[in-house]
Amino acid sequence: MTTATPTRTAPVRNVSRTGSPDESPRAAAWMLAPFVILYVLFIIGPAIYGLLLSLFDTSLVRGGLGSFAGLGNYQEALASNDFWSSLWHTLWFTILTTPPLIVLAFVFALLADRVGRARWFFRLAFFAPFVIPSAVVALIWIWLYTPGLGLIEAGLGWFGITAPNWLGDPAWAMPSLAITTIWWTLGFNFVLYLAGLQDIPHELYEAASVDGAGPWQQIRSITIPLLGRTTTLVAVLQVIASLKVFDQMYIMTAGGPNFATRSILQYVYDEGFTNFRVGYASAVSTLFFVVILVVSVIWFAIVRKQEKVA
Amino acid sequence: MRNEPIRPVGRRAFLRGAAGLAGLGAAGALSGCGSGSTLAGLSVSHRQEGSLDYWNLFGGGDGVRMVDMEDGFRKSFPNVGLNAVTLAWGNPYYTKLSLATLGQKPPDVAVAHLTRMKTLVAAGLVEELDPAELETAGMSADKFSSRPWQAGLVDGKIYALPLDTHPFVMFYNKDVCKKAGLLDGDTLAPMDSPEAFTEALSKAKKATGAVGGCIAVTNETATPWRFFQSAYSQLGGKVLADEGKRVVFDDDKALEVLAMMQSLSKKQLVPGSLDYEGSIATFANGDAGFLFQGEWEIATFQTAKMPFSMTTFPNIYGGADGYAVQADSHTLIIPKQPDNDPARRRSALEFIKSMLDQSKTWAEGGHVPAWQPFADSDAYRSMTPQSNYAAAADAAVYDPEGWYSGSGSNFEIVVGSSIGAVVAGQLEPKAALRQMHTKLGVLARTAQPT
């Protein structure tokens, strides 16, 4: 039985390599053009412009670039307590959300994949929150968290537990936002894992059970290793998505209480749009870009290494 | 950080709003601007002959009344195609207004808060108004309440015409206050000292069995700031000087007010955990005797059909002649126009005059009218509870001048966060004051970007 397994996966891999290399490169260029043009126009262009702005004292309410500031904006940001604390809030949020969003998505995908009846219902149930817009999610959860009236407080009350002031207590506000975010965005990772699970050939499990492996051993020795690539993808996407947090905090806590949940992007927003200091806000954005780049590269390297080991 | 906060629109309000929008669209089509009001306001070719672009930031009940007033203008000036655009209030509004004006596509008339209008003036984005021209248009200085008029001048020059004053006020539940022995006929017991104020709240708490009064502090920075600023100004305190370049807290006075505010939540007369919606709901449910909030919430409680009334924010520290209360004003401005077309300008002034002439509609939403012909009339005096707090307009204290100050500004976020944390019991008054000094100091030292 075991010898039969490789034959099924092999042809699937080959399908993607059928395109011959000597086809006209011009055709490829044409195919890529729509994407490249939009990418240059809306991503590369503004990024370079932002880099340029960060070297000037540009104001939102004055035309032109304003006076040249050199690295002054960067110095100001690096010396600012508000910059460092909001950067930490973003990292803290990433730390709170990334592990549960990977582990829970995996667990739920596994369960939904194994369920026999009404499989579509479970898939929909986990994915549904993801399609709700952030503002709606925020409003639902504000009501759930509301002290005195909220459903969560009432629910905990039945068990004799006194609920904290979820969004009003500086210590609880960030975990509360993390819980909301996990509920909201779990579905995306869930779907990626579900797709990954369906790519694992059933013969492997059959062979393993013939060899006497229990369900837990099968998960550990077959499912998790074969989902390695999916996990890499999910992890990298998740870290970047969490670092980019803005909406939930802006709507649910407005960065409060007392700035306890102001993310770095809100700091950029506050400085750029409320204080009109576009030059300074661009410098902060650039610094944040560097942070995302460094975190992503390190994270990617770690996960890839583990994948090779496994 | 909000003034009229973003919140879920009730179904009825939504339907009314939708009907209003449909009306707008129809009016646009009738006057030959088939592209619909919103699109016309945002499109490049909006400079049509005989059209007028107007931007405002009014949602909720204010939005519905503003649509009524726009319709009033359309009736009086059927030849002018009015394109009214409503944008979300707060920073996005001022950002859009600034960028549209910089990009040479400004509206002909726009609403701006008095405290934010000054930043726009400093950036050179607002047309100066000539007294002679205003006289001709029937809007001379003497026709406006003096406090908002004076507060709106920049170096003695006119840039904005005030529509109203919107002060921080005190809502009270008549049944609760009667039960608590605080109401003698229609007169509320005086709260003219910190002791009397605290006592009134504790009597109200006994009467409701829940809380005495409500101050929104969670996810809300404007309300704590308005409460603090009202009491602190009654003591004669100032926060900023030299157009925001110096932070000039009177530490003793600030600490006194902060300690008073914290004592309210420590004694559990005021919950330290309410957000804006929660404070409204608690008061509407009859679980509180008092609510401290802007007068614009009047419509909420009228709709709830509850036994409430409104009066000026109590004179806790001011004594006989030191009454003060935090407020701002909605003003109408003409953003800097790329083409100095006298006909457009005349039309813009006619529109502003028409808005002022409809001050009665506007005052129903709670705002104190600035237009003297109406503010001085019996029609306004007989309007209750709106006229109960008309005096607040004369005692209005506007947010201190500074490029980072004004309604919905970073200034309000910084001070409101610290003050809110004091009420919530998360910061001691001294630590909060230190934090305000530090954070405002950073802003005060930053070169003005306008």
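With each label modelled as a point 7 angstrom along the Cα→C-beta vector, the A:I200-A:A33 pair spans 4.5 nm. Obtain the nm distance between the two label points defined at A:F289 and A:W120 by a simple spin-label model: each point lies 7 Å from its Cα along the Cα-to-C-beta direction. So the label points at A:F289 and A:W120 sit 4.6 nm apart. As a length-normalised measure over Cα pairs under 8 Å and 6 or more apart, the relative contact order of chain B settles at 25 percent. Of all complete DSSP H helices in chain B, those with a Cα span along the helix axis of 27 Å or greater and a mean Kyte-Doolittle hydropathy of 0.0 or more are B:11-30. When you count the other C-beta atoms within 10 angstrom of each residue and take the mean per peptide, A:253-265, A:126-138, B:99-111, B:289-301 line up highest first as A:253-265, B:289-301, B:99-111, A:126-138.
Round to the nearest 10 and give me the degree value, 0 to 90, for the angle of helix A:134-145's Cα axis relative to the longest principal axis of chain A. Once rounded, the angle reads 90 degrees. The angle separating the long axis of helix A:228-243 from the principal Cα axis of greatest extent in chain A is about 20 degrees.
Remark: for residue pairs B:K203/B:K430; B:K174/B:K267; B:K157/B:K253; B:K266/B:K430, the C-alpha separation exceeds 25 Å in B:K203/B:K430; B:K157/B:K253. In percent, rounded to a whole number, the relative contact order of the stretch A:41-309 is 32, using alpha-carbon pairs under 8 Å and six or more apart. Taking 0.36 nm per residue of separation and subtracting the Cα-Cα distance, full extension of the segment from A:A135 to A:W84 would add 15.7 nm. Short to long, the 5 Å bins of the Cα pair-distance histogram for the stretch A:41-309 hold 1, 5, 10, 13, 14, 14, 12, 11, 8, 6, 3, 2, 1, 0, 0 percent of all pairs. Relative contact order, whole percent, for the stretch B:309-450 stands at 25, derived from Cα pairs under 8 Å and 6 or more residues apart. Working ranking of peptides A:99-107, A:144-152, A:24-32, B:245-253 by packing, defined as the average number of other Cβ atoms within 10 Å per residue, highest first, is A:144-152, A:99-107, B:245-253, A:24-32.
For the residues of A:54-63, the average number of beta carbons from a partner chain within 10 Å of their own beta carbon is 5.
Can you tell which of A:T261, B:L201, B:L161 lies farthest toward the positive end of the dipole of the protein assembly as shown, using +1 and -1 charges on the Cβ of basic and acidic side chains (Lys, Arg; Asp, Glu)? The residue sitting most towards the positive pole is A:T261.
Plainly put, the protein assembly as shown has a radius of gyration that is 1.02 times its Kirkwood radius, both from alpha-carbon atoms, as the Rg/Rh ratio. Charges were assigned to the Cβ only: +1 to each Lys and Arg, -1 to each Asp and Glu. The resulting dipole of the protein assembly as shown about its Cα centre is roughly 2220 debye. What net charge do the residues around A:N165 carry, taking every other residue with its C-beta under 13 Å from that of A:N165, with Lys and Arg at +1 and Asp and Glu at -1? That sum, taken over residues with Cβ under 13 Å, equals -3.
Estimated at 0.36 nm per residue, the fully extended path between B:A304 and B:D68 surpasses their Cα-Cα distance by 82.7 nm.
Partner shielding of A:144-150 amounts to 5, given as the average count of beta-carbon atoms from other chains within 10 Å of each residue beta-carbon. Dividing the convex hull volume of the alpha-carbon atoms in chain B by its residue count gives 133 Å³ per residue. In chain B, the calculated helix contribution to ellipticity at 222 nm averages -13500 deg cm²/dmol per residue, counting -39,500 (n - 2.57) for every DSSP H run with n ≥ 4. Once the C-beta distance of B:D394 and B:D142 is scaled by a Förster radius of 22 Å, the resulting FRET efficiency is 0.90 to the nearest 0.05. Cα centroid separation, the stretch B:419-450 to the stretch B:360-384: 37 Å. Taking the DSSP beta bridges in the protein assembly as shown as the whole, what percent of them are antiparallel, to the nearest 5? Percentage antiparallel, nearest 5: 70.
Given R0 = 25 Å, the distance between the Cβ atoms of A:F68 and A:W92 translates into a calculated FRET efficiency of 0.10.
Legend: mean number of C-beta atoms from other chains within 10 angstrom of residue C-beta atoms, peptide A:259-271, equals 2.
We did not get these values from a lab; they are worked out from the coordinates using the rules stated. Since we're looking at a predicted model, the values are computed, not measured. Cβ atoms come from the backbone with ideal geometry, glycine included; neighbour counts cover every protein chain shown.
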